[in-house]
Amino acid sequence: ALVNRIVHRITRPVPLPRLDLRGGVPESARTMVIVPTLIASVEGVRALLEHLEVHALGNRDAHVHFALLTDFPDAVQETLPGEDVVLAAAVAGIEALNARHAAGTDDRFYLFHRARRWNGSEGVWMGWERKRGKIEEFNRLLRGATDTGFVVQVGDPAILASVRYCITLDSDTRLPRDAARRLIGVIEHPLNRPRFDPSRRRVVEGYGI
């Protein structure tokens, strides 16, 4: 606590330049807000869906979309009794959200669910690389991969290739009103855009994350 107080007195945060997107996020900056999480019960699924809906109600924009990236918890076998009911509740919930908030389309809310894989080092069936793996596979999916572990996908896939940014939230994180638009305004500013150095294989200016 003492170190934190000293550091905060000596060093001040430097606000990044940003674009004013109060008029809306442009199509070229289409963004998916993703929540990598586990689903283990119908009640838990309902809570996740309610949370996702709250995010969307506070961040209304035609080019900001919302998705659950889900796995079942680790298990001693590939599938467990009752999991089909849990997954069906997630599918139905996402479809209901689209029907309620995306009239005539199904591109506002998404579900991407993975099957378990055997992990020999841990001796369990689990989602590949857990949270990190979900995000990595989702980014591959956005880039056109057809061999990801997502066995269930709900929502219109037509927009996936045009998604430029992802905002990743934990399942208990709040996304305040219009926060997505403000974050996108930062990463969209020309001075913040990443410059990749092929020889060093890293971002040397701007921001990749």
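Which cross-chain or sequence-distant (5 or more) residues have an amide H under 5 Å from the amide H of residue 124, H modelled 1.01 Å from N in plane?
119
With charges only on Cβ, +1 for K and R and -1 for D and E, what is the dipole size of the chain about its Cα centre, in debye, rounded to 20? Could the numbers behind the result be given before it?
Values: 29 positive and 26 negative charges, 262 e Å.
Charge dipole, the chain, about its Cα centre: 1260 debye, nearest 20.
What residue among 209, 168, 63 has its Cα farthest toward the positive end of the dipole of the chain, where the charges are +1 on Lys, Arg and -1 on Asp, Glu, each on the Cβ?
Comparing the listed Cα positions along the dipole, 209 ranks first.
What is the distance, in nm, between label points placed 7 Å from the Cα along the Cα-to-Cβ direction at residue 84 and at residue 130?
Reported label-point gap for residue 84 and residue 130 is 3.0 nm.
Can you compute 3J(HN,Hα) from phi for each residue in the stretch 19-32, using the Karplus curve 6.51 cos²θ - 1.76 cosθ + 1.60 with θ = phi - 60°, rounded to whole Hz and x for Gly and Pro?
Those phi angles translate into 8, 8, 10, 4, x, x, 6, x, 4, 5, 10, 3, 10, 10 Hz.
Run the simple label-point estimate for residue 100 and residue 121 please: 7 Å along Cα→C-beta, distance reported in nm.
Between residue 100 and residue 121, the label points sit 4.1 nm apart.
Compute the orientation-averaged projected area for the stretch 1-145 from the convex hull of its Cα atoms and round it to one decimal in nm².
The directionally averaged projection comes out at 13.5 nm².
Quick one: which residues, 5 or more positions from residue 65 or on another chain, have an amide H under 5 Å from its amide H? H modelled 1.01 Å from N in the peptide plane, none for Pro or chain starts.
Correct list: 31, 32, 33.
Accessible area, 1.4 Å probe, largest first: how do 207, 165 sort?
Of 207, 165, the descending order of accessible area is 207, 165.
Relative contact order (percent) for the chain, with alpha-carbon contacts under 8 angstrom and 6 or more residues of separation? Could you put the intermediate results ahead of the total?
Numbers: 331 pairs, mean separation 59.8, N = 209.
Relative contact order for the chain comes out at 29 percent.
Could you please state how large a percent of the accessible area of the chain is carbon and sulfur, counting protein chains only and using a 1.4 Å probe?
Numbers: 6690 of 12320 Å².
Carbon-and-sulfur percentage of accessible area, whole number: 54.
To the nearest Å, what is the center-to-center distance of the stretch 182-209 and the stretch 154-174, using C-alpha atoms only?
Their Cα centres are 19 Å away from one another.
Taking just the alpha-carbon atoms of the stretch 104-163, what radius of gyration and Dmax come out, in angstrom?
Cα only, the stretch 104-163: 13.1, 47 Å (Rg, Dmax).
Per residue, how much accessible area does the chain show when a 1.4 Å probe rolls over the protein heavy atoms, in square angstrom?
Details: 12320 Å² over 209 residues.
I get 59 Å² per residue for the chain.
Starting with the highest mean, order 193-203, 124-134 by the number of other Cβ atoms within 10 Å, averaged over the residues of each peptide.
Working: 193-203: 9.8, 124-134: 17.7.
By packing density, highest mean first, the sequence is 124-134, 193-203.
Just need the relative contact order of the stretch 15-137 here, percent rounded to a whole number, with Cα pairs under 8 Å and 6+ apart. Numbers along the way, then the final one.
Details: 170 pairs, mean separation 35.2, N = 123.
This gives 29 percent for the stretch 15-137.
From the protein chains alone at 1.4 Å, what is the descending order of accessible area for 113, 63, largest first? Spell out each step's value before the answer.
Numbers: 113 5, 63 40 Å².
Largest to smallest exposure gives the sequence 63, 113.
Sketch the reach of a paramagnetic label on residue 139 as a point 7 Å from Cα along Cα-to-Cβ, and name the residues of the stretch 99-131 whose backbone nitrogen lies under 14 Å away.
Those under the cut-off are 131.
Obtain the nm distance between the two label points defined at residue 14 and residue 161 by a simple spin-label model: each point lies 7 Å from its Cα along the Cα-to-C-beta direction.
4.0
Of 11, 31, which has the most accessible area with a 1.4 Å probe, and how do the rest follow in descending order? Walk me through the numbers on the way to the answer.
Working: 11 85, 31 0 Å².
Per-residue accessible area, sorted high to low, gives 11, 31.
Cα axis of helix 42-58 to longest principal axis of the chain: angle in degrees, 0 to 90, nearest 10?
Computed tilt is about 30 degrees.
The values are calculated or read from the model by the stated rules, or taken from the named source; none is laboratory data. Here the structure is a predicted model, which means the values were calculated and not measured. For neighbour counting, all protein chains shown are included, and Cβ atoms are generated from backbone atoms with ideal geometry for every residue, glycine included. Note: accessible area is taken over every heavy atom of the protein model, side chains too, but ligands, DNA and RNA are not part of it. Shrake-Rupley method; radii C 1.70, N 1.55, O 1.52, S 1.80 Å.
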